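The values are calculated or read from the model by the stated rules, or taken from the named source; none is laboratory data. Predicted, not measured: the structure shown is a model, and the values here were computed from it. Note that we place each Cβ from the backbone using ideal geometry, even for glycine, and neighbour counts take in every protein chain shown. Ligands, DNA and RNA are stripped out before the accessible areas are found, and what is left, the full protein with its side chains, is counted by its heavy atoms. Shrake-Rupley method; radii C 1.70, N 1.55, O 1.52, S 1.80 Å.
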Amino acid sequence: MFLRSKVSRLEAENLILVTRCNSSRVPGSDNNEMEETNSRAVVLFYVIITFVLPFLLYMYLDDLSHIKNLLRRTNQKKEEVPLKKRIAYSLDVCFSVYPYAKLLALLLATVVLIVYGGLALYAVSDCGVDEALWLSWTFVADSGSHADRVGVGARIVSVAISAGGMLIFATMLGLISDAISKMVDSLRKGKSEVLESNHILILGWSDKLGSLLKQLAIANKSIGGGVVVVLAERDKEEMETDIAKFEFDLMGTSVICRSGSPLILADLKKVSVSNARAIIVLGSDENADQSDARALRVVLSLTGVKEGWKGHVVVEMCDLDNEPLVKLVGGERIETVVAHDVIGRLMIQCALQPGLAQIWEDILGFENAEFYIKKWPQLDGYRFEDVLISFPNAIPCGVKVAADGKIVLNPSDDYVLKEGDEILVIAEDDDTYAPGSLPEVRMCHFPKMQDPPKYPEKILFCGWRRDIDDMIKVLEALLAPGSELWMFNEVPDQEREKKLTDAGLNISKLVNIKLVHRQGNAVIRRHLESLPLETFDSILILAEQSLENSIVHSDSRSLATLLLIRDIQSKRLPYKDAKSNALRISGFPNCCWIRKMQQASDKSIVISEILDSRTKNLVSVSRISDYVLSNELVSMALAMVAEDKQINRVLKELFAEKGNELCIRPAEFYIYDQEEVCFYDIMRRARQRQEVIIGYRLAGMDQAVINPTDKSKHTKWSLDDVFVVIASSQ
């Protein structure tokens, strides 16, 4: 009975619960659940179809094109490019042309993965669309955040999204790494832009660069250093390594190297060509014609710069005949320095006046005294004879006339400075001199001697240069009648005359010199022994034209010729007492072969043309050659003209066979023996000979003194002393 009552009570409660459940049910709720289930299935189906369909289409693209051709029933003989290749080519072009295409493609892939992953999560889980998209982003950004997913479908989708995220982030890291590598590589190779102004720009690379940088560093020392930019077709690291090997102090000057071609406008703009105060175009290490042709193309590239350039351009030329063409292209802002012409004329001047080479080295270099042009309004109205002694720390030697812009070297004493005229001086630096009060100068009698008459000379040329015709013309103008020029080289006699005639030299019109041709090899002893080497007043060893492409080979040949000539001379000439040459050959034992060769140099002067400055130092130490001329002098001239283009006109006149020239005069022209006078007095006396004295060399001294410091100090002079003057050539 108890159990029956219990069952009846439970049945009643069950009936009540059923009644209540039936009364609380909302009409249509089953339909909603069914619709939600159907929508998730549709989304899942859509995701699968849209994700798989592109891959299927790409796999069968070529088959679709074949089916299309069959439907058109056309027989195309022309072979078409497969559609896959065209798509791949289009992507390749897009990624190559547009630098940001890879980043945009990566961003698009990330968005597609997040959207498709979010829709797939929505289809296999019970979360909403917004929650599914957020979960998809977290799976892409953090591959470990999917570990708490429940259900097989949700886990499969979350793993797929995480794998895609890892792939995307790996690709992104690769792109970032490539971008950083390209940036570092661009900096390493010197492809970045130079943000400098008022700098000196050097275009090209040659063996003269080391000497040129040294001279520019010395020139900028007074202002705390400058900036020199080098643009060459070499690797930036190689250029910096080679410059570091020069082992000289840059004195605060910064050297910036950039890799590029001076013939490309983009590379010229990269080195701020428009803001450079001077541009130096170096000749290449090729032969002269190729080097000059390249220099001409560089000048053409410079004229094509739209922004223009505020500075002047100094172009190193190799052949004098090519100079007018570069001037024609570049105009008045182009200054040319013809390397072969400078060396050739200096060799002749040094052969005719021993000791002049060291004077030129002092004047051309910035280490000692050099030329400067500046305006001094306080001297307007002064006569030049008063201007000459107005500078305690400089020596005036010319005037730049304001009326026509010409530079007049060694003007007359009666010339009166006008407003705007500038004074050309020789001084230690541009900020080390200024006019002062006029010193007291004694006017007294002094020996008035005439210039000694010229005597015929006998000169030997060993080798053949491309400008040898110009050297012959200079000798014709400087030598006395009856002089002989022996030409010893491997060029046949008939070919020599043809080359000289083609170069514009009329051999029949030579009056002062007689050409004597000898054919032979200058490095073969028996060929040299056939020459009367002991009879020549001067011997010039020229760098062979056939070896101008190889500096080392050319210098080796010149050095071998020098040693052979000195050895032959030492055996033919009588041996002199060593005491007479103690100063010259001190440091070598009596039996030394160098000592014997130095004995021969008392008879004839040997001038060697050595292109490499390192070889020059070796020859200079041994003193078996009176002087060695190298490309270092050309570098000095380039640096000086780069600092002030007006100096180029001064140098060209001093190098020419006509006009004013640099000379060495004996002391007997200006003083009596053991006379005690100051340097100002001697300068006044030289003006009566229409000369400007710029320095002196005392007896027993190896170096000359240019622009003496204390010009008012009285000094006892000897007739063995010599003076350096600027005088009109006769």
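With respect to Ala219, determine if the residue is aliphatic (A, V, I, L, M), within 30 Å of Asp267 (Cβ to Cβ) and open to solvent by less than 60 Å² (accessible area, probe 1.4 Å).
Against the criterion (aliphatic (A, V, I, L, M), within 30 Å of Asp267 (Cβ to Cβ) and open to solvent by less than 60 Å² (accessible area, probe 1.4 Å)), Ala219 qualifies.
Pairs under 7 Å by beta carbon, first residue closer than 13 Å to Asp537 by Cβ in the stretch 477-500, partner polar (S, T, N, Q), six or more apart or different chains?
Final answer for the pair search is Leu479/Asn512; Ala480/Asn512; Ser483/Asn512.
Of the residues Lys498, Lys509, Lys473, Lys514, only one is touching a strand residue (DSSP E or B) at 6+ places or on another chain (Cβ under 8 Å) and among the charged types (D, E, K, R); which?
Lys514
When you look at Ile348, is it modelled with pLDDT of 85 or more, under 15 Å from Ser630 (Cα atoms) and either in contact with a Leu (Cβ under 7 Å, 6 or more places away or on another chain) or open to solvent by 20 Å² or more (accessible area, probe 1.4 Å) (or both), yes or no?
Against the criterion (modelled with pLDDT of 85 or more, under 15 Å from Ser630 (Cα atoms) and either in contact with a Leu (Cβ under 7 Å, 6 or more places away or on another chain) or open to solvent by 20 Å² or more (accessible area, probe 1.4 Å) (or both)), Ile348 qualifies.
Inside the stretch 351-362, can you point out the residues that are open to solvent by less than 10 Å² (accessible area, probe 1.4 Å) and of a type outside the set (Val, Ile, Thr)?
The answer is Ala351, Leu356, Ala357, Trp360.
What number of residues in the stretch 190-211 are modelled with pLDDT under 90 and under 15 Å from Leu265 (Cα atoms)?
Number of matching residues: 4.
Provide a single number: the residues in the stretch 363-418 that are closer than 30 Å to Ser635 by Cβ, open to solvent by 20 Å² or more (accessible area, probe 1.4 Å) and not in a loop (DSSP other than H, G, I, E, B).
Summing the residues that are closer than 30 Å to Ser635 by Cβ, open to solvent by 20 Å² or more (accessible area, probe 1.4 Å) and not in a loop (DSSP other than H, G, I, E, B) in the stretch 363-418 gives 7.
So which pairs qualify, if the first residue must be in the stretch 220-234 and free of Cβ contacts under 8 Å to residues at least 12 places away in the same chain, the second must be of a type outside the set (Ser, Thr, Tyr) and crowded, with 16+ Cβ neighbours inside 10 Å, the Cβ gap must be under 9 Å, and the two must be at least 6 apart or on different chains?
Short answer, once both residue conditions are applied: none.
From (1) over 34 Å from the mean Cα position of the chain (by Cα); (2) within 30 Å of Val552 (Cβ to Cβ); (3) among the aliphatic types (A, V, I, L, M), pick out the condition that doesn't hold for Leu638.
Here Leu638 meets the rest and fails (1).
Residue check, Arg149 against (1) under 15 Å from Leu113 (Cβ atoms); (2) over 60 Å from the mean Cα position of the chain (by Cα), all met but one. Which one?
(1)
Checking the condition closer than 23 Å to Leu302 by Cβ, surrounded by fewer than 22 Cβ atoms within 10 Å (Cβ to Cβ), of a type in the set (D, E, K, R) and modelled with pLDDT under 90, which residue from Asp249, Asp235, Asp267, Asp289 passes?
Exactly one of Asp249, Asp235, Asp267, Asp289 is closer than 23 Å to Leu302 by Cβ, surrounded by fewer than 22 Cβ atoms within 10 Å (Cβ to Cβ), of a type in the set (D, E, K, R) and modelled with pLDDT under 90, namely Asp289.
For a quick check of your reading of the model, give me the residue pairs whose first member lies in the stretch 94-106 and is closer than 22 Å to Gly165 by Cβ and open to solvent by 90 Å² or more (accessible area, probe 1.4 Å), whose second is part of a loop (DSSP other than H, G, I, E, B) and modelled with pLDDT under 75, with beta-carbon atoms closer than 8 Å and at least 6 apart or on different chains.
none
Could you run through the stretch 435-486 and say how many residues are on the phi < 0 side of the Ramachandran plot, open to solvent by less than 20 Å² (accessible area, probe 1.4 Å), touching a Lys or Arg at 6+ places or on another chain (Cβ under 9 Å) and part of a loop (DSSP other than H, G, I, E, B)?
The total comes to 4.
Are any of the residues in the stretch 188-211 among the β-branched types (Val, Ile, Thr) and open to solvent by 20 Å² or more (accessible area, probe 1.4 Å)?
no
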